[in-house]
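One structure below.
FYI, it's all coordinate maths here, none of it is from the lab. These numbers come from a predicted model, not from an experiment. In this analysis, Cβ positions are derived from the backbone assuming ideal geometry, glycine residues included, and neighbour counts consider all displayed protein chains.
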Amino acid sequence: MTDMETAPLRDANGAASLPTCRCRNSKCLKRYCVCFERGDACSASCQCVDCGNADGVAAKAARRSKKRSRAESGCTCQRSRCLKKYCDCFSASVACGAACKCSDCSNSFG
């Protein structure tokens, strides 16, 4: 049994909306919490237990941390000059550094 199951919401017209979480053990601080993965705070319609993502700050901080850790290992851009969102450094808003193996880099400040 997984820690979380999704429960789809329905609006007044019966149309499906964003799913909510039912986390029991993770405190909504893991990527398999649908609210955490979206970067949103858990809402009143969630059925989670002992929620740690009530204000959404935890999810946003984790997403920034993940981007920065990928950027620290360096990018390997060949033709984009590190000016596109798929460059790990550019998407993390950091300048390319010594660990990068990019060619013809134009990302000086992220």
Discussion item. Using the Karplus curve 6.51 cos²θ - 1.76 cosθ + 1.60 with θ = phi - 60°, what ³J(HN,Hα) values do you get for each residue of the range 41-55, in whole Hz, with x for Gly and Pro?
Written reply: 7, 5, 9, 5, 7, 5, 10, 7, 10, 6, 5, x, 10, 6, 9
Discussion item. Along the Cα→Cβ direction, 7 angstrom out, place labels at residue 91 and residue 25. What is the inter-label distance in nm?
Written reply: 3.0 nm
Worksheet item: For residue 77, which sequence-distant residues (separation of 5 or more, or a different chain) have an amide H within less than 5 Å of its own amide H, given hydrogens modelled in the peptide plane?
Response: 101, 102, 103
Item to complete: Quick one: which residues, 5 or more positions from residue 20 or on another chain, have an amide H under 5 Å from its amide H? H modelled 1.01 Å from N in the peptide plane, none for Pro or chain starts.
Response: 7, 9
